[in-house]
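Participant: I have a structure here, written as structure tokens, and I will follow up with some questions on it.
The values are calculated or read from the model by the stated rules, or taken from the named source; none is laboratory data. Computed from a predicted structure; not experimentally measured. Positions of Cβ are generated from backbone atoms using ideal geometry, with glycine treated the same way; all protein chains shown enter the neighbour counts.
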Amino acid sequence: MTQTIPIEFEGATLRARPGETLAATLTAHGVQDFRTTASGQPRGVFCGMGVCQDCLVEVDGVANRRACMTKIEKPISVRRGAHGRPLIAPSPSAGVNVSGAFTGTDEPELREPELLVIGAGPGGLSAALFAQRAGVGVTVLDERSQAGGQYYKQLGVSEQGVLPADAQHRRGAALIDAARKAGVQIIADAPVWGAFEPKEFIATVRGRSIRFRPAACIVAAGAYERGWQVPGWTLPGVMTTGAAQTLWRTSRRLPGQRVLIAGNGPLNLQLAAELLSGGATVAAVVEAAPAPGLGSLDSLLTMGLAAPALVAEGVGYLRTVKRHGVRIVNDTVIESIEKVAGGLSVTLAHVSGATLTQRIEVDVVCLGYGFEPANELLRALGCVHDFDPRRRQLATRRDETGLTSIAGVYALGDCTGLGGAKAALAEGVVVGAAVAAALGHAPAETLMHERARAVNELARQRRFQHALWNVYASPLTAPRERCGDTVICRCEEVTFAQLDAALDEGLSTAGAIKRRTRIGMGRCQGRYCAPVLDEIVCERFGRSRDEMSGFAPRVPVKPVTIAELSGRGSGS
Amino acid sequence: MSPIRIDELPCRQTDVAVIGGGIVGLCLAGFLAQRGRAVTLIDAGGSSASTANAGSLHVQMQSRFMRLFPQRVAGFEQQLPLYPRAVEYWREFERDIGADFEMKVSGGLMVAETPEQFEFLVTKSRRERELGLSVELLERGDLERIAPYLGPAAYGAELCANEGKLNPLRCNAQVRAWAVRLGVTIVDRCKVERLCAISPGFTLATTLGSLQARQVAVAAGPGARALMDSVGAFLPVEPEPLHMNITEAAPPLILHLVQHAERSITLKQLSTGQVVIGGGWPAKLAPGSDYPVVDPASLIGNVSLAQYMVPSLAQLQIIRTWAGLNSKVDGRGVLGEMPGLPGLHAAIPGDAGYTLGPLTARLVADLMTGRDPGVDMQPYSPMRLQEEELRALAGQ
């Protein structure tokens, strides 16, 4: 048995695994309720990746820390988050000048790397590695404590006594290692909170702001899961598929013992197989798409030809799920979730609208209803985006080298519109090569062969992805009933009824409705409500969605403390 | 449900057209409707003045304006008596329309950190008292008692009891709803491209067609300049893009509207618990547009100063920043009929335009309906601008 670290939580002592997240420790000890909102509602882990700002707890007296982004390295004292917790008085040693006139701001440190890559997922790392090998000086920033992104989710805890790393972990570790060895500077725990024209970024690194003015940059910020706005979707115990997968893949902790997984897409199947391997009971996998039948044969064939390894992985997950006797319920979605004595009670509905009579009781519900691109930095820079009606999201306008509408600003992977991790890997090579050339470096011949292979691989992965979308096409892409007391905006607790009232007052733009109802004004910056609001407003007024129809991007794209901005922190 | 399409004006004729749907335009439209006029209010949207306002109720002279525009101090002084009345009028207006603006008149502090800065406040307060303002000076000990949240750097302050704050989001929404209840026709997302004088009245060429009005009020902030220009009138309003920050919620901490004797800042806590930090750090205008965008140097500078003044803000997170437009002329508002263009009125409130909004709207409504405003309107008359223009032309 490995050493554990004691965590004080509301008077109890919990045993944390070194390197796991605080969210994982609390979850493993049966804690689902992490904080209460302004209106007194309980909240817990939802996105598990630092986006939703719902798992806020007080750590050693500092309020509003994200449990999912807090890595356990030493004993800490934790309390549930509460609205408007008192501020701690600054210590005299906090670096704040005690008297006399304010003498101005400390200029943040300025760094000018040749190439700045934002996001250390498969796409960002592969681009960084290629460019560095071609002679470019590359710095990579990532918000998480470990590189790898959401696909490679590196194991943060010791392998002793837990299921060891699998092939997906190991491929990620190898890529991270190769990038480091090639000389790429990877800066972890470095959230980029601002992007400014023409191509400047500001990140918080060890409690201070650093400005980056690179000669070129690649934004590879990935994606986050969409919400599924049904009654009960904000309850503790309801989390995204990615959040549950992060608990398991980084900390080897289960989100709960009895789990229902619902959504649309193959990741849900992978999660089911992983949780089963960890000993959880999966009540069912509820899939909005129909079961693949004869009609999908063409698509399945295309997938098999384009990416046989991925298809084999998928078949493996399916086998595991079937072997454990887990039901896969197709053409079905979650209609509502209710808190009951023993956990959560879930009501399902057929995509046609008919409610299923049988309710399912579980500890945890995972929602995996697709993704939204994390394009906020690109939008803040003013890169042109087009609305993709098929995927219901903005796609970054780029040429075949990944160059956006702004000189020197490149983008790749899921933040530009979804393509999957394998496509991002190949795209990284293509974009890395283009950036290296644009910066005046001539890659060696072997590297150019690699690039040629990546071009083919990218084409294959895109064929695979299109076929995959065909297989998973569902007639229902949003909850049927978006009305009443169901929350649309998690942060400000705005309901669909409040939105309807604002529309009835004649307000006709997302911005006006935001100012009227506070929708999207919270810590998460409208990550979950904004696309839904935009869709509803555009539908009502017969407009098509575009980059101007939703909220204007705002900095900071993630909350940042005043101490981190001023560089005069109490902790640094 | 079939989509609602807004692609033409709901009417082609109106008694009064109000251009601009900010706090001044909304109030003015409501007052005119109360007096029996058929009012159409046209708003281009995308403006960032009232919709971006941070909710300070200003009364004492802002050190920022005095520092940046010393040649306009005489103008500020002429407008000064309107400010305390404007704050009182906000309260009266809130009661009259049965609204809740989350208004708090808990006083405003202008903080000095050095004896020299304090000396500046001594001189400023003397002049303000001469002009009828109620202000007092606080030394360190007194200041600590009423504002324990201030850090050790605070040396003294000027307190103006009738300063305060409100929630501009709530104000805008409730004033809009009131105007609609009174029968004002509001046309959103419609831009007036030019004005044309006909006799009697005006034709407005808009992006949704043309509209005829007997009277026109221009409450379009910085947009007023081009509109007036289209009809041959001179109204030199300049946009001043400014930066604002808001934090997550904190428990009640900062009672006052806090400013600085020498540096640009306003700092206050809203009823949500969020702290709004702004007060004149510059934003930029997006290239080729009148849309203001955030400058990171202002974000860092503004919140660093806030932390210096109120050290316990250090751990609070900034969750959003935005930029808005202040409208500047010459230190005074421009309120009233444009010379030589009967029926065309300017409604530009002047610096701290949100504070002055409802009161100046009422004054203009009085002028437009032939009532006595009860205030000498001569200092705010657009006539002075014509004189300025003539002088400029003569000098060429």
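Participant: Evaluate the following for B:Ile318: is it surrounded by fewer than 24 Cβ atoms within 10 Å (Cβ to Cβ) and either in contact with a Lys or Arg (Cβ under 8 Å, 6 or more places away or on another chain) or of a type in the set (Val, Ile, Thr) (or both)? Steps first, please.
Facilitator: Numbers: surrounded by fewer than 24 Cβ atoms within 10 Å (Cβ to Cβ): no; either in contact with a Lys or Arg (Cβ under 8 Å, 6 or more places away or on another chain) or of a type in the set (Val, Ile, Thr) (or both): yes.
So B:Ile318 does not fit the description; no.
Participant: So which residues in region A:19-70 are β-branched (Val, Ile, Thr) and closer than 25 Å to A:Gln146 by Cβ, if there are any at all?
Facilitator: Across region A:19-70, the qualifying residues are A:Thr21, A:Thr25, A:Thr27, A:Val31, A:Val45, A:Val51, A:Val57, A:Val59, A:Val62, A:Thr70.
Participant: Do you know which residues across region B:266-294 are under 26 Å from B:Asn167 (Cβ atoms) and in contact with a Phe, Trp or Tyr (Cβ under 8 Å, 6 or more places away or on another chain)?
Facilitator: Passing the criteria: only B:Val294.
Participant: Tell me which of these A:Glu361 doesn't satisfy, since it passes every other one: (1) charged (D, E, K, R); (2) buried (at least 16 other Cβ atoms within 10 Å of the Cβ); (3) in contact with a Ser or Thr (Cβ under 6 Å, 6 or more places away or on another chain).
Facilitator: Result: A:Glu361 passes all but (2).
Participant: Could I ask something else about it? Restricting to region A:526-554, what's the tally of residues that are assigned to a loop (DSSP other than H, G, I, E, B) and surrounded by 24 or more Cβ atoms within 10 Å (Cβ to Cβ)? Working first, answer last.
Facilitator: Step one: list which residues in region A:526-554 are assigned to a loop (DSSP other than H, G, I, E, B), which gives A:526-528, A:541-554.
Subset that is surrounded by 24 or more Cβ atoms within 10 Å (Cβ to Cβ): A:526-528, A:550.
So the count comes out to 4.
Participant: Something else about it: Return a yes/no flag: does region B:48-71 have any residue that is farther than 25 Å from B:Val258 by Cβ, without any contact (Cβ under 8 Å) to a residue 40 or more places away in the chain and either surrounded by 24 or more Cβ atoms within 10 Å (Cβ to Cβ) or out of contact with any strand residue (DSSP E or B) (no Cβ under 7 Å at 6 or more places or on another chain) (or both).
Facilitator: Yes, region B:48-71 contains a residue that is farther than 25 Å from B:Val258 by Cβ, without any contact (Cβ under 8 Å) to a residue 40 or more places away in the chain and either surrounded by 24 or more Cβ atoms within 10 Å (Cβ to Cβ) or out of contact with any strand residue (DSSP E or B) (no Cβ under 7 Å at 6 or more places or on another chain) (or both).
Participant: Got a number for residues in region A:316-358 being surrounded by 15 or more Cβ atoms within 10 Å (Cβ to Cβ), assigned to a loop (DSSP other than H, G, I, E, B) and at positive phi?
Facilitator: 1
Participant: If a residue must be small (Gly, Ala, Ser) and under 16 Å from the mean Cα position of the chain (by Cα), how many such residues does region B:17-33 contain?
Facilitator: Of the residues in region B:17-33, the ones small (Gly, Ala, Ser) are B:17, B:20-22, B:25, B:29-30, B:33.
Checking the rest, the ones that are also under 16 Å from the mean Cα position of the chain (by Cα) come to B:20-22, B:25.
Looking only at that region, the number is 4.
Participant: So which of B:Arg384, B:Arg391, B:Arg371, B:Arg320 ends up being of a type in the set (D, E, K, R), in the same structural domain as B:His260 (by TED's automatic domain parsing) and either free of Cβ contacts under 8 Å to residues at least 40 places away in the same chain or over 22 Å from B:Gly21 (Cβ atoms) (or both)?
Facilitator: Numbers: B:Arg384 fails: in the same structural domain as B:His260 (by TED's automatic domain parsing); B:Arg391 fails: in the same structural domain as B:His260 (by TED's automatic domain parsing); B:Arg371 fails: in the same structural domain as B:His260 (by TED's automatic domain parsing).
When all the criteria are applied, what remains is B:Arg320.
Participant: Same structure, new question: Return the residues of region B:288-329 that are more than 8 Å from chain A (Cβ to nearest Cβ) and over 20 Å from B:Arg263 (Cβ atoms); say none if nothing qualifies.
Facilitator: Result: B:Gly288, B:Ser289, B:Asp290, B:Tyr291, B:Pro292, B:Leu325, B:Ser327, B:Val329.
This table checks each residue for (1) surrounded by 21 or more Cβ atoms within 10 Å (Cβ to Cβ); (2) in contact (Cβ under 8 Å) with a residue 60 or more places away in the chain; (3) within 11 Å of chain B (Cβ to nearest Cβ); (4) of a type in the set (Lys, Arg).
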residue: A:Gly40; (1), (2), (3), (4): no, no, no, no
residue: A:Val45; (1), (2), (3), (4): yes, yes, no, no
residue: A:Gly48; (1), (2), (3), (4): yes, yes, no, no
residue: A:Val57; (1), (2), (3), (4): yes, no, no, no
residue: A:Lys74; (1), (2), (3), (4): no, yes, no, yes
residue: A:Gly84; (1), (2), (3), (4): no, no, yes, no
residue: A:Arg111; (1), (2), (3), (4): no, yes, no, yes
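Participant: Could you check A:Asp485 against (1) within 12 Å of another protein chain (Cβ to nearest Cβ); (2) at pLDDT 95 or above; (3) not in a helix (DSSP H, G or I) and say which number it fails?
Facilitator: Tallying (1) within 12 Å of another protein chain (Cβ to nearest Cβ); (2) at pLDDT 95 or above; (3) not in a helix (DSSP H, G or I), A:Asp485 fails exactly one: (1).
Participant: Another question about this same structure. Only one residue in B:Arg263, B:Arg332 is among the basic types (Lys, Arg), away from chain A (no Cβ under 12 Å), over 22 Å from A:Ala380 (Cβ atoms) and within 22 Å of the chain's Cα centre (by Cα). Which one? Spell out the reasoning first.
Facilitator: Working: B:Arg263 fails: away from chain A (no Cβ under 12 Å).
After applying the criteria, what remains is B:Arg332.
Participant: Continuing with this model, one more query. Within region A:277-315, restricting attention to residues that are in contact with a strand residue (DSSP E or B) (Cβ under 6 Å, 6 or more places away or on another chain) and farther than 28 Å from A:Ser352 by Cα, which residue is surrounded by the fewest Cβ atoms within 10 Å (Cβ to Cβ)?
Facilitator: Once the filter is applied, the top-ranked residue is A:Thr281.
Participant: Right, another one. Mind telling me which of the residues B:Thr14, B:Thr51 ends up being at pLDDT 95 or above and of a type in the set (Ser, Thr, Tyr)?
Facilitator: Numbers: B:Thr51 fails: at pLDDT 95 or above.
That would be B:Thr14, the only listed residue that is at pLDDT 95 or above and of a type in the set (Ser, Thr, Tyr).
Participant: Taking region A:507-553 as the search range and keeping residues that are within 16 Å of B:Ile319 (Cα to Cα) and touching a helix residue (DSSP H, G or I) at 6+ places or on another chain (Cβ under 6 Å), which one is nearest to the other protein chains (Cβ to nearest Cβ)?
Facilitator: Result: A:Arg515.
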